[in-house]
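First up is the structure itself, then whatever we jot down about it.
Nothing in this text is a laboratory measurement; each read-out follows from the coordinates by a stated rule. None of these values were measured; they are calculated from a predicted model. Every residue, glycine among them, receives a Cβ derived from its backbone with ideal geometry; neighbour counts consider all protein chains shown.
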């Protein structure tokens, strides 16, 4: 998602500069996309090259929901030019997308350089950084902010909590739940009806993604010949085969989502595509097996979003930056918090649930085999969902008082990520990614 958004942003940047008269794109001009760092090492397996092609041709992730992307890519890949009303430039994907496996850009391990060149001359260049969850930063802001995130003044919000401690203190003072405070903050941009429609849409897409994954069979693309398992698992569960536990259902739902992701289909980024199965799996279990209503679904999603925001603000959700602890670990913390909230937990218990789930993912590496988001990623989402349920259950059995705070745990994750070797941060240069020949 990030590279697609970045490529589209570059296309629009060309248009702005042409319109301003400070860029002339002549007949010999070409567009180049240079992928750096983790994007270079795992770009093929993550379909980064496909995303760049889509973005440069003006597509966004949301616009592709009802489109057969494989057919579209087959057409776009054969084209040799990008054409706009005010400019046109050569762009042949096999030649002009460059996987540069040299040193990454110093600002972030997921860097991209887009250029308009004419022969040996560079006419226009922009650098973008994919910081996780489909979000990007440009070169202007990435050195000026810590996370890096696009910031705005928090004081304009009624409950501007920037830490778990702030969240607990504000809740105690105002008497609102985390979801309640989050809802009030969202009112700066949305009324209740608009907000609820947005939450409903997120849930409906999550639900549809689970159903699509549970109904699909076959082999996932990419060359590892990984068989889809969610369909056969859910069929066995519905038939009552063998001993069945909650864990089986959670794994079926989570794996269904991530098999859809591995196939390049629609998912909800929560907080990333590679970790997209955890939150939907836990929420779907509560709806299907515990009768959670729409108000509960809204509270679950708002609470999860609040926790995900804290983690992203104070550390990172990027596997290339901190490993999979930032992806599945963050997703598990979000799901645990949402679950604890709808189970009737206090704000202190919700914070405790998020901390427990995140704590037991610390140090988790991002080492996808062949650079594909399949092994171990698909199963890992199932385990993230199971840990979320365990964390919420433990927190509900306690008073909310605990030794390790969520803030301290997030800080530990950030430090662990900073000291983790780049081999274990989405480059497929270490861990399971290089151990498959031994199996």
Obtain the nm distance between the two label points defined at residue 157 and residue 434 by a simple spin-label model: each point lies 7 Å from its Cα along the Cα-to-C-beta direction.
-> 4.1
Any chance you could check the Cα centroid distance between region 355-388 and region 72-130 for me, in angstrom?
-> 32
Select from 134, 55, 242 the residue whose mean-square fluctuation is largest in a Gaussian network model of the chain (Cα-Cα springs shorter than 10 Å).
-> 242
If you line up the long axis of helix 347-359 against the longest principal axis of the chain, both from Cα atoms, how many degrees apart are they, to the nearest 10?
-> 60
Over region 2-142, calculate the relative contact order: mean separation of alpha carbon pairs under 8 Å at least 6 apart, over the residue count, as a percent.
-> 37
Along its principal axes, what span do the Cα atoms of the chain show, with the longest given first and each in whole Å?
-> 68, 53, 43
Sort out for me the Cα centre separation of region 292-354 from region 1-60, rounded to whole Å.
-> 33
Among 284, 20, 70, residue whose mean-square fluctuation peaks in a GNM of the chain (springs only between Cα atoms under 10 Å) = 20
In angstroms, what radius of gyration and Dmax does region 2-142 have, counting Cα atoms only?
-> 14.3, 40
Can you give the extra length, in nm with one decimal, that the chain gains between residue 101 and residue 200 once fully stretched, where that is 0.36 nm per residue apart less the Cα-Cα distance?
-> 31.5 nm
Mean ellipticity per residue at 222 nm, deg cm²/dmol - from DSSP H runs of n ≥ 4 across the chain, formula -39500 (n - 2.57) = -15500 deg cm²/dmol
Given 370-381, 248-259, the highest-first ranking by average Cβ count within 10 Å works out to 248-259, 370-381
For 16, 127, what's the fewest-to-most ordering of other Cβ within 10 Å of each Cβ?
-> 16, 127
Please compute P(r) over all alpha-carbon pairs of region 283-335, binned at 5 Å starting from zero, and give each bin as a whole-number percent.
-> 5, 21, 23, 19, 14, 11, 7, 1
Hey, what's the Kirkwood Rh for region 295-420 if you take every pair of different alpha carbons, in angstrom?
-> 14.2
